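Right, one structure below, let's go through it.
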Amino acid sequence: MVIRLITLVFSMCFFAIAQGPLRFELKRIEKKTTRCVITFVYPEVISAASPQARDRMNAGILRVLLRRSDWPAPDSGFRSLEAYANDFMTFCASEGRPLYQHKRVTIFRYTPPILSFRCDAEEDAGGVHPFGTTFFVNFESRTGRVI
């Protein structure tokens, strides 16, 4: 019994060390005029178990931010937040009323080996009424692979 307990504690410590420290930096991108605003707020992974895990998680977060806000949310076709924001601002300039789009990704839960993000989008893009969506994305923190 004692040997099993020691083995379990040792395994848990080794597993925690093998995960590597996850560290994040909060990023915010905003473009606005007197009538239009678009914002992206999200964590960027700056340290993970490996550079590949970091890059996979950051790419997954970027894919979420680049999706259209409607449901089901198709890919917007843009490869950068800058291009996405510029397109929204061009569209907004052609509309006769104020419009907005806010996208926010937050860390929902981190219970190794799973890292979960909550993804919220709120938008008024000129339709009948504003709308919003919320969904979750999960990563295996050691590899950065989407679960």
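Restricted to the range 53-147, the set of strands (runs of 3 or more DSSP E) holding at least 2 residues that are surrounded by 13 or more Cβ atoms within 10 Å (Cβ to Cβ) and free of Cβ contacts under 8 Å to residues at least 40 places away in the same chain comprises 114-124, 131-140. Out of the residues in the range 51-95 that are of a type in the set (S, T, N, Q) and out of contact with any helix residue (DSSP H, G or I) (no Cβ under 7 Å at 6 or more places or on another chain), which is farthest from Tyr110 (Cα to Cα)? The residue in question is Ser94.
Of all residues in the range 53-72, how many are acidic (Asp, Glu) and at pLDDT 95 or above?
Adding up the residues that qualify gives 1.
Scanning the range 23-77 for residues that are more than 16 Å from the chain's Cα centre (by Cα) and polar (S, T, N, Q) gives Thr33, Thr34, Ser50, Gln52. Here's a check for you: in the range 89-130, which residue that is within 30 Å of Arg56 (Cβ to Cβ) and small (Gly, Ala, Ser) is modelled with the lowest pLDDT? If we take residues in the range 89-130 being within 30 Å of Arg56 (Cβ to Cβ) and small (Gly, Ala, Ser), then Ala121 is modelled with the lowest pLDDT. Applying the set (1) assigned to a loop (DSSP other than H, G, I, E, B); (2) modelled with pLDDT of 90 or more to Pro21 leaves exactly one unmet item: (2).
The values are calculated or read from the model by the stated rules, or taken from the named source; none is laboratory data. Everything numeric here is computed off the predicted structure, so don't read it as measured data. Every residue, glycine among them, receives a Cβ derived from its backbone with ideal geometry; neighbour counts consider all protein chains shown.
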